[in-house]
Amino acid sequence: MPDWLEIVGMVVVILGAIVGAGYGLIKVGEWKGGVDSHQTAFTALAAEIKDKLDEILSRLDPSPTSASSPTTLTDLGHRISERIKAKECVESIFHLFNREARDKQPYEIQQSALAFAKDDALWSEDELNGFRQCAYDEGISIDAVHEVLGIELRDRYIKEVTQDE
């Protein structure tokens, strides 16, 4: 076989490889464009879902307590506590709760404190009016204010128990 035929064959192979690589690059570019398009659409959908979720969550009542264990006050809960002077209010009924909470497990103490704080007979009329006004001003239920009182009562009891040990 003549040398020039081998050279032509090699040129054809090289040209074929170049054309194939070029075609492959074009197809990769098209594929990347499709991926980018899908990514943009997905990003827009995720942003829309986030906006709708934020709107739904904004309609929920704000909570004065966290969902962690043990339950703690959120920023709203601390603000309510300061506003109604919850720690001072709790001091006035602590001796009554102290007797009820003895020999209970931590969860039972928390549940008892929350139930105890809801008993309006324990609070003065001025305190009750302050609780109601705070609930109104904050746009929350009176139960949320009682929840803050219950957590403060529980914390006061735990503080007392740990000091005695």
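Quick one: helix 3-59 against the long Cα principal axis of the chain, what's the angle to the nearest 10°, folded into 0 to 90?
Tilt of helix 3-59: around 20 degrees.
Read phi for every residue in the range 94-105 and hand back ³J(HN,Hα) as whole Hz from Karplus 6.51 cos²θ - 1.76 cosθ + 1.60, θ = phi - 60°, with x for Gly and Pro.
Coupling constants for the range 94-105: 4, 4, 5, 6, 3, 5, 6, 8, 4, 6, 9, 6 Hz.
Report, to the nearest 10°, how far helix 106-117 tilts away from the longest principal axis of the Cα atoms in the chain, using its own Cα long axis and a range of 0 to 90°.
In the chain, helix 106-117 runs at an angle near 60 degrees to the longest axis.
Under 20 Å Cα to Cα from K87, which lysines show up? Leave out anything in the same chain fewer than 8 places away.
The qualifying lysines are K118, K159.
Which of the aspartates and glutamates could a cross-linker span from K27 if the Cα-Cα distance has to be under 19 Å and same-chain partners fewer than 8 positions apart are dropped?
Hits, sequence-local ones excluded: D36.
Cβ under 15 Å from A44's Cβ, A44 left aside: what net charge do those residues give with Lys, Arg +1 and Asp, Glu -1?
Numbers: positive: K50, K52; negative: D36, E48, D51.
Neighbour charge sum, excluding A44 itself: -1.
Compute the angle between helix 142-164 and the longest alpha-carbon principal axis of the chain, please, reported from 0 to 90 degrees and rounded to the nearest 10.
The helix 142-164 is inclined about 80 degrees to the chain.
Report in % the part of the accessible area of the chain that belongs to carbon and sulfur, leaving out ligands and nucleic acids; probe 1.4 Å.
Details: 6910 of 11530 Å².
Carbon and sulfur together cover 60 percent of it.
Tell me, what are the semi-axes, in whole angstrom and largest first, of the equivalent ellipsoid of the range 11-89 as set by the roots of 5 times the Cα gyration tensor eigenvalues?
Values: eigenvalues 790, 40, 11 Å².
They are 63, 14, 8 Å, listed largest first.
For volume of the Cα convex hull per residue in Å³, the choices are [x] 118; [y] 220; [z] 212; which was calculated from the structure?
Computing volume of the Cα convex hull per residue in Å³ and matching it to [x] 118; [y] 220; [z] 212 gives [z].
Could you give the accessible area per residue of the chain, probe 1.4 Å, as a whole number in Å²? Intermediate values should be presented prior to the final figure.
Details: 11530 Å² over 165 residues.
Value returned for the chain: 70 Å² of accessible area per residue.
Return the single residue from I142, I18, I56 with maximal mean-square fluctuation; model: Gaussian network over the chain, springs between Cα atoms under 10 Å.
I18
For K85, which aspartates and glutamates qualify as cross-link partners when the Cα separation must be under 13 Å and same-chain residues fewer than eight apart are set aside?
The reachable aspartates and glutamates, counting only those whose Cα sits under 13 Å from K85, are D126, E127, E152.
Report, by chain and number, residues whose modeled amide H sits under 5 Å from the one on T65, excluding near sequence neighbours (fewer than 5 apart, same chain).
Under 5 Å from the amide H of T65: T74.
The values are calculated or read from the model by the stated rules, or taken from the named source; none is laboratory data. No experiment lies behind these values; they were computed from the predicted model shown. When we count neighbours, we look across all protein chains shown, and the Cβ atoms used for this are built from the backbone with ideal geometry, even at glycine. Keep in mind that these areas ignore ligands, DNA and RNA; they rest on the heavy atoms of the full protein, side chains included. Shrake-Rupley method; radii C 1.70, N 1.55, O 1.52, S 1.80 Å.
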